[in-house]
Amino acid sequence: GVPLQFTPKDFNVERKAYFGTTKSTFDVCFVAFNYDGNGYSKGYDLFLEAAELLLQHDPNSQFQFHVVGNYNKSTIPSDLTDEHLTFHGVRKRDWLMNFYHKMDIAIAPCRPNCLYHGAYDGWMCFEQSIFEVAMFEADAMDVNQNNRFYQADEFVKIGLNAEDIAKKLHFYYQNVDMLYSLAKKGRKKTEIVCGLEERTKKILSAIDRARK
């Protein structure tokens, strides 16, 4: 569901760091709880494999990959070094708020039906989007069907394969103006989707349906 940990007022544009101007790294984060031991349901293996492909293709790039959650080097062994991959562990609100202001992309290659039939986390990057972090979502169960929440220029739809993820990450690494425009539009839409007005509409709609 939509996270309640942050609201649009937590975003401070003056604290936002931008690649090429106020920071020298291009930061991609994977933020998810590991429920199945290896993070398969969250696509953790795809995140690592995409990172490896990118760095093989362009070892001198400024990519930095970040993992937030109950993961470590032994969760899935990887060729990525500490120079490019950082494990932050499980973190609390204040730390995350500072962290998200520095991120460029949040990636969520979630797989459905892994833990049990019907299990799916849906749209994972609402929280990061509040801080103008671009959402890279697999949306494998088509939660956003017919652009019901987000338009194509407000997020990036990724396939459940590392090659597609790496290709799209590299494209936006080379086109940061497009990325930041997309992230800004995504943030504005998230404010609407997560907003009090939207919640109120959903509650009132549910009440109306219950009355019928």
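The values are calculated or read from the model by the stated rules, or taken from the named source; none is laboratory data. For clarity, every value in this text was computed on a predicted model and none was experimentally measured. Ideal geometry is used to build each Cβ from the backbone, glycine not excepted, and the neighbour counts take in all protein chains shown. To get the accessible areas, we keep the full protein, side chains included, count just its heavy atoms, and leave off ligands, DNA and RNA. Shrake-Rupley method; radii C 1.70, N 1.55, O 1.52, S 1.80 Å.
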Is it true that some residue in segment 59-69 is surrounded by 20 or more Cβ atoms within 10 Å (Cβ to Cβ), part of a helix (DSSP H, G or I) and touching a strand residue (DSSP E or B) at 6+ places or on another chain (Cβ under 8 Å)?
no
Take segment 136-176 and flag every residue that is surrounded by fewer than 16 Cβ atoms within 10 Å (Cβ to Cβ), touching a Leu at 6+ places or on another chain (Cβ under 9 Å) and aliphatic (A, V, I, L, M).
L160
Consider segment 100-124. How many of its residues are at pLDDT 85 or above and either open to solvent by less than 10 Å² (accessible area, probe 1.4 Å) or under 26 Å from A140 (Cβ atoms) (or both)?
11
Any chance you could count how many residues in segment 21-63 are of a type in the set (D, E, K, R) and within 18 Å of D104 (Cβ to Cβ)?
3
Just wondering, is there one or more residues in segment 80-90 that are touching a Lys or Arg at 6+ places or on another chain (Cβ under 8 Å), open to solvent by 30 Å² or more (accessible area, probe 1.4 Å) and over 17 Å from R187 (Cβ atoms)?
yes
